[in-house]
Amino acid sequence: MNKSRSAPAAGGVIAHRKPLKQRLIENWQLYLLLLIPVILTIVYKYGPMYGIQIAFRDFKASRGIFGSEWVGLEWFEEFFSSPNCWRMIKNTVLLSLYSLLWSFPVPIILALALNQLRFHRFKRLVQTVLYAPHFISMMIICGMLRIFLSPSGGLINLLLGTGIDFLNQSDMFRTIYVASGIWQEAGWGAIIYLATLSSVDTALYEAAKVDGASVFQRILHIDLPALVPMAVLQLILSASNLMNIGFEKVFLLQTDLNKATSDIIAVYVYEQGIQRAQYSYSTAIGLFNTAVNIVLLIVVSKIAKKLSDVQFV
């Protein structure tokens, strides 16, 4: 028995899905426009993926990719048997989790607070001050951190009246990394939540005020539900990059004395691939990193959708 392709629509009307050919003809301009990013993605994203196979070969530049000897999982076995492997995985995961745990809610709280400001000039001034750190280059940020945390004349030590070399304290590295990340990105991250709040119907606030709802109650019952879909989407995107902790910042702040907590996979890949020219080995480590990110993306996406009852196309 053949299943009908028609489905009942609102009011009992049967909605017939148009054939693909007809939709292509009717909306050819849109599909033509879509073709440009699709081609660019295929050429620049999927095309270079053939190079991943050097993770399974003993790559020699003189022989090329296909001329190099196939070694299977040898490089993966070497990585997992290295003495610092699990320390690097642990540091990468912990640094990412701490960043996600502390950095994720701050833009939401900031957006909720800014949304309550009624003096528009003051609000714009505050937003500008909060956005500014995002536009400072990572090199300058790390230079500022080294100056602020310097044991001799650093701002933090002057305020505390101490002479601690914070950057050489391995137990302080994660705190420094996460706190500076919040300062740099929280204001910029709040933009998307402020845009979401600006689309909330003002009639809801007026009705809540008439019913005697306090500011906190309006935030709890109007603002937060409006932010849930966007927050879930941002959480999924953040979780998909859990293992891709920022290389530049860690590399610039890393010292021989804080390697116990700052030695992460991204820095190790740079050392092996660029400094030591072990291309196959570094590619294998990067491929492992990517595989973990894909699994985390799928798991977090499913969990978030079930808990929040939010569906994305």
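So which of A226, A186, A208, A203 is loosely packed, with under 13 Cβ neighbours inside 10 Å, among the small types (G, A, S) and in a helix (DSSP H, G or I)?
Matching residue, one of A226, A186, A208, A203: A203.
Any chance you could count how many residues in the range 19-62 are at pLDDT below 85 and among the basic types (K, R)?
Count: 2.
Taking the stated definitions as given, is I140 surrounded by 14 or more Cβ atoms within 10 Å (Cβ to Cβ) and either touching a helix residue (DSSP H, G or I) at 6+ places or on another chain (Cβ under 7 Å) or of a type outside the set (S, T, N, Q) (or both)?
Taking the combined requirement at face value, the residue does not satisfy it.
Where in the range 66-146 are the helices (runs of 4 or more DSSP H), entirely inside, with at least 2 residues that are among the hydrophobic types (A, V, I, L, M, F, W, C) and closer than 22 Å to V269 by Cβ?
In the range 66-146, 74-81, 85-103 are the helices (runs of 4 or more DSSP H) which contain 2 or more residues that are among the hydrophobic types (A, V, I, L, M, F, W, C) and closer than 22 Å to V269 by Cβ.
Counting only residues that are farther than 17 Å from V269 by Cα and of a type in the set (V, I, T), which one in the range 39-65 is nearest to the chain's Cα centre (by Cα)?
The residue in question is T41.
The values are calculated or read from the model by the stated rules, or taken from the named source; none is laboratory data. For clarity, every value in this text was computed on a predicted model and none was experimentally measured. Quick reminder, even Gly has a Cβ in these numbers, built from the backbone with ideal geometry, and neighbours come from all protein chains shown.
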